[in-house]
């Protein structure tokens with residue numbers, strides 16, 4: 001039979017190979033990407049959710065064993081595993097650009113920048129989602145006025161899928177939806193990673209131009225998981241002007257420039273850049289210093305995406321659940337709009 005092997009023969013045999021994670025055969029699951037037959041040589045490309053799963057080796061061996069048993073021991077079998085993310089498949093297949101907003105330490109306004117960046121992109125007509133991955137301080141639900149709500153749930157292939165909330169034109173998921181406000185989190189790394197992966201993969205994000213991720217400060221488990229497991233378009237650094245803050249964000253930035261974790265740095269946003277009193281609109285007082293952010297940008301060879309002033313309205317808007325960019329009369333919307341435009345420009349260069 002090996003001299004007359006057809007695509008149908010191979011496909012029929014592969015229906016005996018089970019991917020136990022989804023309790024079905026690899027053909028009916030749509031995991032077969034390509035079958036190439038040249039005489040007795042059979043090449044099969046198989047798509048997996050991720051390539052570091054032990055199931056890849058199990059399926060690989062099962063394919064070789066099954067094809068030889070069904071089509072003849074004299075055939076040669078080559079199996080090429082492919083990751084879903086490399087084929088544009090999987091739960092995030094409809095997301096064009098993942099942008100992570102990062103900081104070296106807390107208190108620099110990272111979540112404020114992430115929330116207003118998401119809304120600014122949405123105001124330009126883009127389809128946008130925001131994922132709040134800041135496990136120790138999930139503030140996105142408050143900033144979007146949905147802290148008392150819960151995401152929906154649908155069933156798909158026997159699995160529960162979260163449906164993000166939506167407000168101000170942005171789809172929203174946060175670890176904060178699953179933790180009580182007065183509950184202290186004492187999670188180990190594996191628990192944090194599992195929660196983060198569920199928000200990423202077990203959610204109905206649909207088609208998005210941008211998924212903005214509000215990352216935890218520093219360089220921890222979620223940062224490693226994001227860099228190693230997802231196709232991130234780039235990162236936006238957030239800092240305040242002090243040298244101490246820029247030193248911390250420098251360390252966070254360098255994490256993404258390691259050989260195995262290379263993710264483009266799109267640029268840096270300087271928050272709390274200066275203070276302008278209402279009675280002195282032409283004056284800028286650089287309360288936290290000046291120049292350290294520019295020095296950081298030169299060192300990393302990235303642009304300064306924008307500078308945000310110290311304004312009470314930013315705090316009031318965030319606490320009130322209405323991102324400040326939605327008020328077109330306060331001037332701050334122009335600051336964030338500039339940042340959004342610059343982020344898009346940097347992504348277009350990639």
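In table form, for the structure just shown:
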item: Difference of contour (0.36 nm per residue) and Cα-Cα distance, residue 190 to residue 247; result: 17.7 nm
item: Residue exposure sequence - 102, 63 - by fewest surrounding Cβ within 10 Å; result: 63, 102
item: The chain: angle of helix 243-255 to the longest principal axis, Cα-based, in degrees nearest 10; result: 10
item: The stretch 159-270 shape via C-alpha gyration tensor axes, a/c threshold 1.5; result: prolate
item: Cα long-axis angle, helix 332-349 against the chain (0 to 90 degrees, to the nearest 10); result: 30
item: Simple label model, 7 Å out from Cα along Cβ direction - residue 163 to residue 348, nm; result: 3.6
item: Shape of the stretch 1-155, Cα gyration tensor, a/c cut at 1.5; result: prolate
item: Cα centroid separation - the stretch 233-265 against the stretch 189-232, whole Å; result: 17
item: Fully extended contour minus Cα-Cα distance, from residue 6 to residue 40, at 0.36 nm per residue; result: 11.2 nm
item: Residue-span extension gain [residue 231 to residue 278] - 0.36 nm each, minus C-alpha spacing; result: 12.6 nm
item: Exposure proxy order (Cβ contacts within 10 Å, fewest to most) of 235, 6; result: 6, 235
item: Rounded to 5, the percent of DSSP beta bridges in the stretch 2-84 classed as antiparallel; result: 50
item: Separation between Cα centres of the stretch 126-162 and the stretch 94-117, rounded to whole Å; result: 15
item: Helix axis angle, 55-71 relative to the chain longest principal axis, alpha carbon, degrees; result: 20
item: Rounded if a/c under 1.5, otherwise prolate or oblate - the stretch 2-84, Cα gyration tensor axes; result: prolate
item: Inter-site label distance for residue 24 and residue 136 at 7 Å from Cα along Cβ, in nm; result: 4.2
item: Point-to-point label distance, residue 149-residue 299, nm (Cα→Cβ direction, 7 Å offset); result: 4.2
item: DSSP-defined antiparallel bridges as percent of all bridges, the chain, nearest 5; result: 30
item: Ascending count of other beta-carbon atoms within 10 Å, so fewest first, for 110, 349; result: 349, 110
item: Most to least packed among 278-285, 18-25 [average Cβ atoms within 10 Å]; result: 18-25, 278-285
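No value in this document is a laboratory result; all are computed from the given coordinates. Source: prediction; values computed, not measured. Cβ coordinates were reconstructed from backbone atoms using ideal geometry, including for glycine residues, and neighbour counts include every protein chain displayed.
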